[in-house]
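A short reminder: the numbers here are calculations on the coordinates, not readings from a lab. Since we're looking at a predicted model, the values are computed, not measured. Using ideal geometry, Cβ is built from the backbone for each residue, glycine included, and neighbour counts are taken over all protein chains shown.
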Amino acid sequence: MSKEPTAEEIAEKADRGEDVTPYLSKPQRGYANSLREKKIQRTTVDFGIQMLADLDAIASKLNISRQAVVKMALQEFLTRYHMGGDAKISHTET
């Protein structure tokens, strides 16, 4: 039964150009893979300074993240929109 080489021995093998892949651990599942599995897509949104200040004030009051505030607000809007409620779509330039 052979013993596993130490980290120093593996490093020396790598320095000599030997294959050290058998000693490497399996890669962890990456963040991007976990997002795809959950069917989540990252996006970038530009907000004006005042809107960010308002979002941060709400987040602080509710003790949640800015992202959570944005998600909650969008979900509420979408729910009202799909129910034919009082959600109105208006276009304003920032």
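A few notes on this one:
- Diffusion coefficient (Stokes-Einstein, Kirkwood radius over C-alpha pairs, 25 °C, 0.890 mPa s) for the stretch 7-82: 144 µm²/s, rounded to a whole number.
- Cut-off 17 Å (backbone N to label point 7 Å along Cα→Cβ of L74), residues of the stretch 38-59: 38-48, 51-52, 55-56, 59
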